[in-house]
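Asks: Shown below is the structure under consideration.
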Amino acid sequence: MTLKTLWEQIQQSPAKTPTKLKISNDRIDRDTTLTKPFQPNQHYFQVRINELYLTTSRKWFSEYDPLVFAATEFTYDKKIETVPFIVGPSLIEKTGQKAPSGMIFSNTRVAGIHPYRGGRLVLSIALYRVKRKDYAQGLLKLIESVSAAIDFSTALRSYTKVAGVLLNGIETLFGLGDTEPVIAIRQEFDPSAGDNLEPSYFVLIDKPESELKTDWLWVKDSQLFYGANLAEAKPFREADFVLYSIVQTSDRDDITTLPFYPLYERAKEAALQGDDKSWERAKANLISLHQTLALSPDLTPSQAKQQFATFLEDTRQAFKDANELGSLGTDELDLGSFEDEASIQDSLNKAVEILNLKF
């Protein structure tokens, strides 16, 4: 099954008239962070579901299970990839909060962090209701477990291998006749066609736009509010809705989780041996690391260059420190007796002073 097929099935479901709109920057409490369009190979993006609200009117969790399906299509490693993700009842019940009028679930990443390489970015978001039956619930739990099994931010190539399983699972649920979309949207951002791709908030509300004052919708602390102005606005609770966003960063801070990081660890480990032969091994790992970073689909060119410079300096410093340590005599490195905490600290301070290390 393809995402296109799934979307065609959604369109063939009973007619819906939800509100689908982008929250303008002047109605967001942190609009200063939402002003710069995405530039290819300069920015990273991620897609987040900031808030999901489920009213009690649909008898969620008593007669129906909620299921949010999100799929993001973008260029990764010179190919168009699709990243599907499921926010199912298990996750919602585990991390959500019950409110007097419903259930609130907030802040989960459904795509990214990935470099924006240019071209189209396509988002598909759908809120389903799944009738609570044993076979449907069993399949839904399986789909949830597959979606959560692999971290798409650090192992995207592995994650895309399960994309077909997730899509087929959704198709099967849909075919049972007890699963239907409540609200859904497919958005395509194509800068080459004049679309403005920038960090933004979007909302999908199970209520016709004619029944809402859309200029009363606000985003505060990544939550949806409703009122004449931001100061007087209250959390929106009039209907089921999904608030989601496209987030931009210039750097990613999860370097230790990326596939190339073990190369750096091996280089530093060899450098810490402090001898010429080990340094040759360290240099060989550094050369391999340089090549890997330069070609990494997970980093922008500027961060790849900066990260290698950091790795290189750290490895050089490790080799230098190991050499200094190896040249010390036993009398210089006498740490004394460790009879109490004070003597331990004094000895450590002495060692740091001798080695001229900066901790």
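Values quoted throughout were computed directly from the atomic coordinates according to the rules given, and no laboratory measurement underlies them. Worth saying up front: this structure is predicted, and the values here are computed from it rather than measured. When we count neighbours, we look across all protein chains shown, and the Cβ atoms used for this are built from the backbone with ideal geometry, even at glycine.
Asks: Using the crude model of +1 on Lys and Arg Cβ and -1 on Asp and Glu Cβ, and no other charge, please compute the dipole size for region 255-327 relative to its Cα centre, in debye to 20.
Replies: The dipole of region 255-327 has a size of about 180 debye.
Asks: Please rank ASP298, ASP151, fewest neighbouring Cβ atoms within 10 Å first, as an exposure proxy.
Replies: With the sparsest Cβ surroundings first, the list reads ASP151, ASP298.
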